[in-house]
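A quick write-up on the structure given underneath.
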Amino acid sequence: MRYFILILCLLFCFYGCEDVIEPELSETLRNIVIDGQIHTFYGDESGITRVFVQIQYSNPYFVENIDYVNDADIILVNLNTNDTLLFDSKNVSNGLYRLKQPLADFDKMASYELTVLHKNQIFRATNHWQRTVSIDTIVNLGPIALDEFDRAELKVYFTDLSDRKDYYLATVTSYEEPLLFDDRFFNGNQFSFSIYPVRKNSSKDTLSGAVILQGVDPSYFTYWDILLELGNPAISGPFATPRPNSYGNFINVSDKTNPPFGYFAISEIDRYTFNFQ
């Protein structure tokens, strides 16, 4: 009995000495995220160029709501001629900005500088045009069992050029994530890759969408490579080798300690629309 009472006393002492520690967690610093894109279209000599900038704030992991920035001022400058174009800062929704006037005389040989002004801070990035190639064809290989969804396998073909080093970013409508290709192993040859879109629920089981093949520079290729790894739990787990940051090519001219996320890319793109029954 004495031993039982002694054990109870010891447990009481240990419990009484236990302090509840509540660490003070500082609020996560939110970075501004800038996605700036200039697109020209493969084989289109009309001079039509697609230009847009989308801005938002980064969020903590468990926060789903997106905080868009709709009150920034944006300037695009041709560094060869110093011609300046302004973005419309009044008709902005979901952080999406467009030029006030078309970029009809886009100079493929020039470097362009994109400047974003927001809350007394200046964010700036510079880039130049990257070429792409055309998509040769898309072939429907039929249904494939990958998961619980009704998917089909489509094979996409394009032919790389041998006179240059190329990097590609492929995006597919209604598809999970972009695909990256470096022509190191297929320089000057035809290359193919597969995509696995979900069939639409209809009587005809239609399979439609579009593949966009975008030429990118090595830095943008690496930027997306890091983003895709960070978004893959199988690669970016707690014991994975740390990767470099994914800030992109923007700099904060006003405050070096608060760098923005995002990238300013200038690319030629080719769009191939598919529709299979």
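The values are calculated or read from the model by the stated rules, or taken from the named source; none is laboratory data. The structure displayed is predicted, hence computed values, not measured ones. All Cβ positions, glycine included, derive from the backbone under ideal geometry; neighbour counts span all protein chains shown.
Any chance region 170-181 includes a residue that's without any contact (Cβ under 8 Å) to a residue 24 or more places away in the chain and surrounded by 16 or more Cβ atoms within 10 Å (Cβ to Cβ)?
There is at least one residue in region 170-181 that is without any contact (Cβ under 8 Å) to a residue 24 or more places away in the chain and surrounded by 16 or more Cβ atoms within 10 Å (Cβ to Cβ).
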Output for region 79-113, where each listed residue is over 24 Å from the mean Cα position of the chain (by Cα), in a strand (DSSP E or B) and of a type in the set (Ser, Thr, Tyr): 84
Residue under evaluation residue 253, criteria (1) surrounded by 15 or more Cβ atoms within 10 Å (Cβ to Cβ); (2) over 27 Å from residue 41 (Cα atoms); (3) at pLDDT 95 or above, criterion not met: (1)
